[in-house]
Amino acid sequence: MFYPKERTRIRVQSDIAKYPLDRVTLGIFSVSPSAKAVADVLAATALLAAETTISTGFTDPDVPRNVRLTLTETAADVAAVQGVVNGTDMAGNVIAETMPVFTENTLGTVVGSKVFATVTSIVIPAMDGAGVEISVGSGDLIGIPAIPISAALKPVQVSATAITITADLTNLNGNNFTLDAGEFDDSEHEVLLYLS
């Protein structure tokens, strides 16, 4: 972390001398996410009937955000398995996410909840046949680069567009936001952070 995890109490004067205040450090996080897409992280790639590991062809998400796996082509070849996405978070830490289970014999998308700055590989267990392709796309959760310093001082929306902020006091990757309605469209969104 680039700021102290433990809050240091520093007193500053208010307009009334007998009522000093605790000083806090604030930061505004600005980010302009593009709309989510089906294959902006990895274009459609064929899967094998056996376990498939894909470790090339990835493009980093435009901003750190969650990812989605989408299966296309032959529904009858889809098995009820869970893929694993590997990569790094906003701080460069290596992370992995076991995605939700694909629905057997059904094409579609599963959505992750971790925020990835990079995706380095995916591992998909054996399918029921070799007629399935997989794409990796960006999602709607946008990472926030700070852990709140207390439950009372969580990130706050600054921009006019309504967002929902999720705060986690111990896990950097658990801090994110998403739009209450609509899609991201490269517009700027700002979140106020209490840093110390």
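The values are calculated or read from the model by the stated rules, or taken from the named source; none is laboratory data. All figures in this text were calculated on a predicted structure; none of them were measured in a lab. Quick reminder, even Gly has a Cβ in these numbers, built from the backbone with ideal geometry, and neighbours come from all protein chains shown.
Here Ala79, Ala91, Ala160 are screened, and the one residue that is more than 19 Å from the chain's Cα centre (by Cα) and closer than 24 Å to Val31 by Cβ is Ala160. Filtering segment 144-161 to residues that are assigned to a loop (DSSP other than H, G, I, E, B), in contact with a strand residue (DSSP E or B) (Cβ under 7 Å, 6 or more places away or on another chain) and closer than 20 Å to Ser32 by Cα leaves Ile144, Pro145, Ala146, Pro155, Val158, Ser159, Thr161.
With respect to Ala50, determine if the residue is more than 21 Å from Met90 (Cα to Cα) and assigned to a strand (DSSP E or B). No: the conditions fail for Ala50.
Of the residues making up segment 160-171, those that are of a type in the set (A, V, I, L, M, F, W, C) and either surrounded by 11 or more Cβ atoms within 10 Å (Cβ to Cβ) or not assigned by TED's automatic domain parsing to the domain that holds Asp186 (or both) number 4. Considering segment 145-166, and only residues there that are free of Cβ contacts under 8 Å to residues at least 60 places away in the same chain and in contact with a Phe, Trp or Tyr (Cβ under 6 Å, 6 or more places away or on another chain), the residue that is farthest from Glu183 (Cα to Cα) turns out to be Ile165.
Could you check, for segment 93-103, whether at least one of its residues is closer than 20 Å to Leu141 by Cα, at pLDDT 95 or above and acidic (Asp, Glu)? Checked against the condition, which is being closer than 20 Å to Leu141 by Cα, at pLDDT 95 or above and acidic (Asp, Glu), segment 93-103 yields at least one hit.
On the given criteria, is Pro61 modelled with pLDDT of 95 or more, crowded, with 17+ Cβ neighbours inside 10 Å and in contact with a His (Cβ under 9 Å, 6 or more places away or on another chain)? No, not satisfied. Taken over segment 138-159, residues that are buried (at least 16 other Cβ atoms within 10 Å of the Cβ) and either in contact with a Cys (Cβ under 7 Å, 6 or more places away or on another chain) or more than 25 Å from Ser187 (Cα to Cα) (or both) amount to 2.
Of all the numbered requirements in (1) touching a Ser or Thr at 6+ places or on another chain (Cβ under 6 Å); (2) in contact (Cβ under 8 Å) with a residue 24 or more places away in the chain, Val81 misses one, and that requirement is (1).
Against the condition over 20 Å from Leu141 (Cβ atoms), touching a residue at least 60 places away in the same chain (Cβ under 8 Å) and touching a Ser or Thr at 6+ places or on another chain (Cβ under 7 Å), how does Ala43 come out, does it pass? It would help to see each step written out before you state the result.
Numbers: over 20 Å from Leu141 (Cβ atoms): yes; touching a residue at least 60 places away in the same chain (Cβ under 8 Å): yes; touching a Ser or Thr at 6+ places or on another chain (Cβ under 7 Å): yes.
When the stated conditions are applied, Ala43 passes them.
Only one of the listed residues (Asp128, Asp180, Asp140, Asp186) is under 22 Å from Thr52 (Cβ atoms) and among the charged types (D, E, K, R). That residue is Asp128.
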